Amino acid sequence: MIGLAKVLIGKASDTPEGKLTHISAGGKEIVIANVGGSYYAMGNICNHAGAELHEGEISGKELTCPWHGAKWDITTGNLLWFPQKLNTQQTFKVNQENDSLYVEIT
Ligand code: FES
């Protein structure tokens, strides 16, 4: 995909802290969370072995993979904990307009 696409995720009011939302758009799988009233989006497929991260758990900014427990920072895509080094997950910018959340797909 060339350029930037703005894709509707859903309503901010349906995205409380502690809940993981996911969408598929522009060939990307994306997981979205509310961290302290701000919204963050990251690639939904764990680069360790391919788990869907929206089936994991989020506490604050820390998303735990449902398969082998890697801990990801959804605000940066950085790995917080795992026994081996993993690549950083891609992150995406989330914009809020009134009660609508949009993700920018690059
Ligand atoms: S697939 Fe995520 S930690 Fe293994």
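The values are calculated or read from the model by the stated rules, or taken from the named source; none is laboratory data. This structure is a prediction, so every number in the text was calculated from the model and none was measured. Here the Cβ positions follow ideal geometry from the backbone for every residue, glycine too, while neighbour counts run over all protein chains shown.
Can you pull out every residue in the stretch 67-93 that is closer than 13 Å to residue 43 by Cα and in contact with a Phe, Trp or Tyr (Cβ under 8 Å, 6 or more places away or on another chain)? First the steps, then the outcome.
Taking the stretch 67-93 and keeping what is closer than 13 Å to residue 43 by Cα, we get 72-79, 87-93.
Of everything in the stretch 67-93, those that are closer than 13 Å to residue 43 by Cα and in contact with a Phe, Trp or Tyr (Cβ under 8 Å, 6 or more places away or on another chain) turn out to be 74, 75, 78, 79, 89, 91.
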- Residues of the stretch 53-75 being under 20 Å from residue 7 (Cα atoms) and either of a type outside the set (Val, Ile, Thr) or more than 9 Å from the chain's Cα centre (by Cα) (or both), in sequence order, are 53, 54
- What number of residues within the stretch 10-38 are surrounded by fewer than 18 Cβ atoms within 10 Å (Cβ to Cβ), outside any strand (DSSP E or B) and over 12 Å from the mean Cα position of the chain (by Cα)? 10
- Would you be able to tell me the number of residues in the stretch 88-106 that are more than 18 Å from residue 17 (Cβ to Cβ) and in a loop (DSSP other than H, G, I, E, B)? 6
- Query: If we keep just the residues of the stretch 42-87 that are in a loop (DSSP other than H, G, I, E, B), in contact with a Ser or Thr (Cβ under 9 Å, 6 or more places away or on another chain) and touching a residue at least 40 places away in the same chain (Cβ under 8 Å), which is nearest to the ligand (Cβ to nearest atom)?
  - Reply: 47
- Query: Hey, any hits in the stretch 75-85 for a residue that's under 24 Å from residue 11 (Cβ atoms), surrounded by 14 or more Cβ atoms within 10 Å (Cβ to Cβ), modelled with pLDDT of 95 or more and touching a Pro at 6+ places or on another chain (Cβ under 7 Å)?
  - Reply: no
- Qualifying positions in the stretch 58-73 - closer than 17 Å to residue 36 by Cβ and surrounded by 13 or more Cβ atoms within 10 Å (Cβ to Cβ): 58, 60, 61, 62, 63, 72, 73
